[in-house]
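K.L.:
Shown below is the structure under consideration.
The values are calculated or read from the model by the stated rules, or taken from the named source; none is laboratory data. Just so it is clear, the structure is predicted and the values come from calculations on it, not from any experiment. Don't worry about glycine lacking a Cβ; one is built from the backbone with ideal geometry, like all the others, and counts go over all protein chains shown.
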Ligand SMILES: [Zn+2]
């Protein structure tokens with residue numbers, strides 16, 4: 001578990017969402033699964049972390065066919 005305080009204190013009023021876990025501005029927005037009981041959106045990093053926490057071993061989806 002880690003928390004990062006945002007150094008850049010931008011007062012963006014809802015224009016940019018913050019990640020519910022790391023509190024960083026989200027460039028790529030991911031919706032958490034219901035069973036994660038997370039309120040808000042996630043950045044790609046935290047989303048994939050959560051995925052591997054909850055579904056270890058079988059979370060990578062790569063388009064290699
Ligand atoms: Zn995050």
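K.L.:
From the list 27, 60, 6, exactly one residue is modelled with pLDDT under 65, within 13 Å of the ligand (Cβ to nearest atom) and on the phi < 0 side of the Ramachandran plot. Which is it? Walk me through how you get there before you give the answer.
P.N.:
Numbers: 27 fails: modelled with pLDDT under 65; 60 fails: within 13 Å of the ligand (Cβ to nearest atom).
After ruling out the rest, the residue left standing is 6.
K.L.:
Are there any pairs with C-beta distances below 8 angstrom linking a residue in the range 37-49 that is over 10 Å from residue 19 (Cβ atoms) and assigned to a helix (DSSP H, G or I) to a residue that is more than 6 Å from the ligand (Cβ to nearest atom) and modelled with pLDDT under 95, with the two at least 6 apart or on different chains, and if so which?
P.N.:
As it stands, the answer is 48/59, since those pairs meet every condition given.
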